[in-house]
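Read the figures in this text as sums done on the coordinates, not as results from a lab. Bear in mind that the values here come from a model prediction, so they are computed numbers and not experimental data. Cβ: placed from backbone, ideal geometry, glycine included. Neighbour counts: every protein chain shown.
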Amino acid sequence: MIADIHSAVLCYLEINGTLGFSQELEGSLLRIGPAYQQTPRFEKILSCLGIDQDIISGDCLLSAELQGDFTFWQAGRVKITSPGGGRIYRLGLIARIFSLVNLADIFTGRISGLDEQGFAYHQLEFEAAIKDNLLIIERAVVRGEGLNLIVRGELDLGSYQADMVVLVAPFKTLDAIVGRVPFIGRIVGGENATIITIPVGLRGDIRNPDLTVLDPGAVGQGLLNLVESVLGLPFNIISPVLPSTP
């Protein structure tokens, strides 16, 4: 059986398309977008969906087109923006990344925008494609008060297995940290490069993935192009020398 949805509103989102209820059918084709002229907020959408709202706050402009069903999405696209800024409260993974790359040393003990209440951002962008239940992240950018986070990679929506690269781009120049944080690896961006970025590999179950500081040479051209478009400035990609474990 197939149900045609001309216009339905769920949790501040408008949904239309077709909804399939049989495994023999191709599945659903759903289009999702804002239901009202006023921009909804993450905290209202998530609370309405029954998700504990200790994750994120801020404006949420979401648009998506999904083909398949709730157990296996065959194809689609998702775009989320938060142009008005907000705050990320659940910092488990982000805190692990910050700790891994020794950001406390880079910022001499304090990371701007990061406190006991979370990590403040002034803009968030997320664009991804879906193919065979695989979320292919093309552009994920968190523009924070003291640094930017830039992400590309893939997430299996069935097993939650991830393979991503996260670039941490603090608002610090290379010459501002070279005396405090030794680094190794190939410098990317040319002799006039100013802003630094640090690549972190993320693999495994997204709920508790393995994190590794990558060699700059492991960063693909697609991510380099994304970094250039986000920063708008020449940049260096470095690998900090991490302290050895006893």
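General remarks:
- Note on the stretch 11-97: with charges restricted to the Cβ of Lys and Arg (+1) and Asp and Glu (-1), its dipole about the Cα centre is near 420 debye.
- From phi via Karplus (6.51, -1.76, 1.60), per-residue ³J(HN,Hα) for the stretch 40-47 in Hz, x at Gly/Pro: x, 10, 3, 5, 6, 5, 5, 5
- Fewest-first ranking of S82, S57, S7, using other Cβ atoms within 10 Å as the exposure measure: S7, S57, S82
- Charge sum, other residues only, whose C-beta stays under 15 Å from Y160's C-beta, Lys/Arg counted +1 and Asp/Glu -1: -3
- I150 sits among other residues whose Cβ lies under 14 Å from its own Cβ, and their net charge, with Lys and Arg +1 and Asp and Glu -1, is -1.
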